[in-house]
Amino acid sequence: MHLPKAELHLHIEGTLEPELAFELAARNGITLAYADTEQLRKAYLFDDLQSFLDLYYGLMAVLRTEEDFEELADAYLARAAAQGVRHAEIFFDPQAHTARGVPFATVVEGLGRALDRSEERHGVSTRLIMCFLRDQSAESAMATLEAAKPHLHRITGVGLDSAEVGHPPAKFAAVYEAAGALGLRKVAHAGEEGPAAYVREALDVLGVERIDHGLRCVEDPDLVERLVRERVPLTLCPLSNVRLRAVDVLAEHPLPRMMAAGLLCTVNSDDPAYFGGYAGDNFLAVQEALGLHQEQLRELARNSFEAAFLDGGPEEEALRARYLAEVAAYTFP
């Protein structure tokens, strides 16, 4: 679907398509545990978040050089632009790379090269959000923030991802406080597999501005009321929710109920190479499975730009206004 939209929940490592994985493996002298792309695609069937993460981190071994990260990001931006994405706020996981011996600078500078030319090449404005792995220690997160300091001109904010259950947001209170002191924006995954209480904790303890996923907020009516009152954006990922068994089938996704309650919902692709579709594919999927009408889709697109980190001054606000005007003017086929 080409409806103009912002993508606010996208892990760049999760855009590694099998074809590129084999290409990079050959370039870097790495042997994958799969005979070909077809066999690898068959492995993209997951029982839960952890089964996905096992494959996700394993395939990262092919990413070694600045050129690899640049190519990865450029491929995503081309696909996203073809599906109507006009602005992308991209997550990356430095700890997953530095643990393999890939320097922080290699990752962020490689991604940065693709992002620097994204508006000219793809018509997509971008932001970069550095995520901490919540199943790693708080000390490791703080060391990652320290390593990021020479590169803060490239980084807009911090996030929190990976295995949620058993790793509450409060574990990272100190590093989020330090990130805020550096002027970084704050988001966090919460309420995907973890409880609704994690959403509250991310708001109250970490001071986040957006909740990534937030699906399980519907289990707490008081929390829903608060999220509506405070206009806290939720970056939902419907196809991801089905692939990781957060919901059994897309037709049962609570998105319509969440929108009806007044929640500021957005639709995103999460890890599209693994979960069956990019941003436009997710919009089409919820339209078909949930019977969303055109004005509901337009609302989701409008929400995505309103929730974007495009409030750094008059130029950014003008950009947001331009994107919102594109949403208003869009004619559905």
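Things worth noting here:
- When you restrict to C-alpha pairs under 8 Å that are six or more residues apart and normalise by the size of the chain, the relative contact order lands at 21 percent.
- GNM remark for the chain: springs join alpha carbons under 10 Å apart, and the peak mean-square fluctuation among Thr126, Thr235, Thr156 falls on Thr156.
- Overall, segment 2-114 carries a charge dipole of about 140 debye about its Cα centre when +1 sits on the Cβ of Lys and Arg and -1 on the Cβ of Asp and Glu, all other atoms neutral.
- Close amide H pairs (under 5 Å, H built 1.01 Å from N) link Arg185 with Gly157, Val158, residues at least 5 positions away or on another chain.
- Size-normalised alpha-carbon gyration radius of segment 213-266, reference 2.2 N^0.38 Å: 1.08
- Trypsin sites (Lys or Arg not before Pro) restricted to segment 227-333 and DSSP loop, no more than 14 other C-beta within 10 Å: Arg231, Arg245
- Share of pairwise Cα separations in segment 5-326, more than 27 Å, in percent: 39
- Cα pair distances in segment 165-232, grouped into 10 Å bins until the bin that holds the longest one, percent each: 23, 54, 21, 1
- Reach of Lys5 by Cα under 23 Å, taken over lysines that are not fewer than 8 positions away in the same chain: Lys186
- Partner aspartates and glutamates whose Cα lies under 15 Å from the Cα of Lys171, excluding those fewer than 8 positions away in the same chain, are identified as Asp135, Glu139, Asp161, Glu201, Asp204.
- Fraction of the pair-distance distribution of segment 1-118 above 21 Å, Cα-Cα pairs, percent: 40
Throughout, read-outs are computed from the coordinates displayed, never taken from laboratory work. The structure displayed is predicted, hence computed values, not measured ones. Please note: Cβ atoms are built from the backbone with ideal geometry, for glycine as well, and neighbour counts cover all protein chains shown.
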